[in-house]
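Notes to accompany the following structure.
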Amino acid sequence: MNGAGIIKGLVETARNFAGSYHDRERLTTVQYPEETLPPVENARTLPFLVYDGGDAMAGLRCTACMICEKECPPQCIYIIKDQARKPDYMGKMQLQPKVFDIDMSVCMSCGICVEVCPFDAIKMDQVFELSTDDRFAGLLFDNEKLARPNEYFRQLHKTEASEVDARREEEKRKAAAKAAAKPPLPGGVK
Amino acid sequence: MSARFSPPELAGTDFEHPLLEVSLGPHHPSTHGVFRMDAALDGETVVKLKPVFGYLHRNHEKIAEKCSYLGSMPFTDRLDYMCSLTNNWGYALAVEKLTGLAVPERAEYIRVILGELTRLINHSAVVGFLLQDMGAMGTPLMYAFREREKILDLFESLTGARMMCNYMRFGGCRCDLPPGWIGQARGVAAKFPLFLDEFEALLTGNEILKARTEGVGVLTPELAVNAGVTGPMLRASGVNYDIRKVDAYGVYGRMDFRVPLGERGDVFDRYMIRILEMRESLKILDQALRDIPDGPILNLNAKLRNLRPKPGEAYGRIEGPKGELGFYLISDGGPNPYRYRVRPPSLINLTVLEDMCLGQTIADAVVILGSVDIVLGEVDR
């Protein structure tokens, strides 16, 4: 019968319409500003810099090795090295960035800076409400604006942060053991 | 004998008759982005049609020649932004051929699972868009997008991004599946056939859809083969060519699935092929999610940074949801490719647009374009 297919289709539409009132499977819309979805652990938006301790600039893990600046596909990272050095978590003297800028309007959230960073200094944030009316200076983030404590990183990416913390603890312990073993006792037995 | 009124001669006769030239796009909502068709019309009939593209050109190939090998991986996401994971796969395959890196078995299975999920997303969305072009405003597209959301949730919990996944690496994948992911994926794959049944009840028997698609935009198998058309469009014309079967890349050799073929090569066949391919993808998904082994996900010899392949060339190709997606790389031993070329399926499938549209009405030309399944990010690069 001509028209039977249309009627069959309309039954389907009616089922979906009625179902959208009581079935979450059929209505997946979330009324965004009023309600939000729970955060996803692996989600990534834009990078931030991790620091340890209370002082953001003194505890910055970044050693200005320039790897992320070189590897960043859209070239949105800009680093200038500081001549002054500071000790890192293993007591080794490391360089630090004088300037660390990320142009957030250029960043494409690929996460390659995180993958290549050998110091676990840069990680991906999950913020997404960043709209501003100043698209040049307002989206050029410097190191003070980028710095976040390690606790923040733990909060966002629990699994990854616990792995990183365990690895750093292990390295710290090894470095301390090595440092303890290194200076030979004056006049001691060989 | 009085002079009688005689109607003016119509076009197609010997008399000169002006044709109406219509420029469809680049802002027209049915041209899937920034695509333009210059159509010459005789009444409503298309007598000439020129596809115009390049409005979304972003210099992808040249940027990739300046980037490191790793650096162009996130750019491949932006080629066909509906199916970023298959783009990743094609590029990773080309670099793996160039460097001779082997991929661990678990990573191969993950790639197959993600590739088939991507195919589900693409095909359900393209059917929705096709119906949108026919005037079914919204309903089928919204149903398709509702199901797509569930798969995007899987992508987000695994790769961190819903669309720009940047997940595959040379010699494996970036990170392992989070706990419980396989169970979630099984749940999505188990519910998807119900959606497909509903989708078919809504569409396949619909008389309007049949009237608008059957016999419209016929592509003969000879022309399809000569023009290099690949993917569902080629198979809708009845040519049995699926790179998953021909090359059996990844672990597709172990998967049991069939390749659906069309008979007439019209728009209805192209619609139906996509529905049937989704059903075959679900079969592959079931097998891959059942058989996925434990083990490493990245080759231990894989280098993330400072990849310098030996001088040589390689062509890696996969059966993307839209057709044969190929990456051709020439290395001169440096840190970036000497030449990087993408073979985009949408662009090459688009070249037969005029042949399919000639003699059809302008309203059908829009439907035919919808059945080609283009994404302008890939056409223009």
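The values are calculated or read from the model by the stated rules, or taken from the named source; none is laboratory data. Everything numeric here is computed off the predicted structure, so don't read it as measured data. Neighbour counts run over all protein chains shown; Cβ positions are idealised from the backbone, glycine included. Ligands, DNA and RNA are excluded from the accessible area calculation, which covers all protein heavy atoms including side chains. Shrake-Rupley method; radii C 1.70, N 1.55, O 1.52, S 1.80 Å.
Out of B:Gly205, B:Gly215, report the one residue that is at pLDDT below 90 and touching a helix residue (DSSP H, G or I) at 6+ places or on another chain (Cβ under 7 Å). After ruling out the rest, the residue left standing is B:Gly205.
For the stretch A:129-138, enumerate the residues that are surrounded by 10 or more Cβ atoms within 10 Å (Cβ to Cβ) and either hydroxyl-bearing (Ser, Thr, Tyr) or over 27 Å from A:Glu34 (Cβ atoms) (or both). Give the derivation first.
Applying the first criterion (surrounded by 10 or more Cβ atoms within 10 Å (Cβ to Cβ)) to the stretch A:129-138 yields A:130, A:132, A:135, A:138.
Once the filter is applied, which keeps residues that are surrounded by 10 or more Cβ atoms within 10 Å (Cβ to Cβ) and either hydroxyl-bearing (Ser, Thr, Tyr) or over 27 Å from A:Glu34 (Cβ atoms) (or both), the stretch A:129-138 yields A:Thr132, A:Arg135.
I'm trying to understand the selection: among the residues of the stretch B:28-54, which are of a type in the set (A, V, I, L, M) and open to solvent by 50 Å² or more (accessible area, probe 1.4 Å)?
Residues of the stretch B:28-54 of a type in the set (A, V, I, L, M): B:34, B:37, B:39-41, B:46-47, B:49, B:52.
Answer for the stretch B:28-54, where residues must be of a type in the set (A, V, I, L, M) and open to solvent by 50 Å² or more (accessible area, probe 1.4 Å): just B:Val47.
Go through the residues of the stretch B:351-362 one by one and say whether even a single one is within 22 Å of B:Val95 (Cβ to Cβ), more than 14 Å from chain A (Cβ to nearest Cβ) and open to solvent by less than 30 Å² (accessible area, probe 1.4 Å). Checked the stretch B:351-362: no residue is within 22 Å of B:Val95 (Cβ to Cβ), more than 14 Å from chain A (Cβ to nearest Cβ) and open to solvent by less than 30 Å² (accessible area, probe 1.4 Å). Every condition in (1) modelled with pLDDT of 85 or more; (2) small (Gly, Ala, Ser); (3) open to solvent by less than 50 Å² (accessible area, probe 1.4 Å); (4) on the phi < 0 side of the Ramachandran plot holds for A:Gly188 except the one numbered (1).
Summed over the stretch A:118-128, the residues that are open to solvent by less than 20 Å² (accessible area, probe 1.4 Å) and within 11 Å of chain B (Cβ to nearest Cβ) give a count of 1. Only one entry of A:Lys92, A:Lys98, A:Lys86 meets the criterion of being more than 14 Å from chain B (Cβ to nearest Cβ), farther than 24 Å from A:Glu170 by Cβ and in contact (Cβ under 8 Å) with a residue 12 or more places away in the chain, and that entry is A:Lys98.
When the stretch B:113-149 is examined, which residues are found to be outside any helix (DSSP H, G or I) and surrounded by 24 or more Cβ atoms within 10 Å (Cβ to Cβ)? Of everything in the stretch B:113-149, nothing turns out to be outside any helix (DSSP H, G or I) and surrounded by 24 or more Cβ atoms within 10 Å (Cβ to Cβ).
Give the residue, chosen from B:Pro74, B:Pro104, B:Pro51, B:Pro140, that is farther than 29 Å from B:Ile284 by Cβ and touching a residue at least 24 places away in the same chain (Cβ under 8 Å). Exactly one of B:Pro74, B:Pro104, B:Pro51, B:Pro140 is farther than 29 Å from B:Ile284 by Cβ and touching a residue at least 24 places away in the same chain (Cβ under 8 Å), namely B:Pro51.
Please enumerate the residues belonging to the stretch B:55-66 that are open to solvent by 10 Å² or more (accessible area, probe 1.4 Å), within 14 Å of another protein chain (Cβ to nearest Cβ) and in contact with a strand residue (DSSP E or B) (Cβ under 8 Å, 6 or more places away or on another chain).
Taking the stretch B:55-66 as the starting set, the residues that turn out to be open to solvent by 10 Å² or more (accessible area, probe 1.4 Å) are B:55-63, B:65-66.
Adding the requirement that they be within 14 Å of another protein chain (Cβ to nearest Cβ) leaves B:58-60, B:62-63, B:65-66.
The answer is B:His60, B:Glu65.
Reported count of residues in the stretch B:150-169, each being out of contact with any Lys or Arg (no Cβ under 9 Å at 6 or more places or on another chain), open to solvent by 20 Å² or more (accessible area, probe 1.4 Å) and part of a helix (DSSP H, G or I), is 1.
Looking only at the stretch B:146-155, decide whether some residue is closer than 30 Å to B:Pro309 by Cβ, in contact (Cβ under 8 Å) with a residue 60 or more places away in the chain and within 11 Å of chain A (Cβ to nearest Cβ).
At the first step, the residues of the stretch B:146-155 found to be closer than 30 Å to B:Pro309 by Cβ are B:155.
Narrowing further to those that are in contact (Cβ under 8 Å) with a residue 60 or more places away in the chain: B:155.
After this cut, where a residue has to be within 11 Å of chain A (Cβ to nearest Cβ) as well, the list is B:155.
Taking every residue of the stretch B:146-155 in turn, at least one turns out to be closer than 30 Å to B:Pro309 by Cβ, in contact (Cβ under 8 Å) with a residue 60 or more places away in the chain and within 11 Å of chain A (Cβ to nearest Cβ).
Of all residues in the stretch B:68-108, those satisfying the criterion of being open to solvent by 10 Å² or more (accessible area, probe 1.4 Å) and among the aromatic types (Phe, Trp, Tyr) are B:Phe75, B:Tyr81. A count restricted to the stretch B:193-214 and to residues that are more than 9 Å from every other protein chain (Cβ to nearest Cβ) and either assigned to a loop (DSSP other than H, G, I, E, B) or within 30 Å of B:Asn301 (Cα to Cα) (or both) stands at 1. A single entry from B:Tyr338, B:Tyr328 fulfils the requirement of being of a type in the set (Phe, Trp, Tyr) and farther than 28 Å from B:Ala227 by Cβ: B:Tyr338. Condition check for B:Val103 on (1) within 14 Å of chain A (Cβ to nearest Cβ); (2) outside any helix (DSSP H, G or I); (3) closer than 22 Å to B:Arg343 by Cβ: one failure, at (1). Across the stretch A:144-160, the number of residues qualifying as within 14 Å of chain B (Cβ to nearest Cβ), in a helix (DSSP H, G or I) and surrounded by 15 or more Cβ atoms within 10 Å (Cβ to Cβ) comes to 2.
Against the test of being within 11 Å of another protein chain (Cβ to nearest Cβ) and on the phi < 0 side of the Ramachandran plot, the options A:Thr36, A:Thr13 yield a single qualifying residue, A:Thr13. When we screen B:Ala190, B:Ala227 for residues that are open to solvent by 10 Å² or more (accessible area, probe 1.4 Å) and within 14 Å of chain A (Cβ to nearest Cβ), the only hit is B:Ala190.
Residue-level analysis places B:Arg244 among those that are basic (Lys, Arg), within 20 Å of B:Asn122 (Cβ to Cβ) and part of a helix (DSSP H, G or I).
Table: residues versus (1) within 14 Å of chain A (Cβ to nearest Cβ); (2) assigned to a helix (DSSP H, G or I); (3) aromatic (Phe, Trp, Tyr).
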position	(1), (2), (3)
B:Ser68	yes, no, no
B:Gly71	yes, no, no
B:Pro74	yes, yes, no
B:Tyr81	yes, no, yes
B:Thr86	no, yes, no
B:Ala92	no, yes, no
B:Val95	no, yes, no
B:Glu108	no, yes, no
B:Arg111	no, yes, no
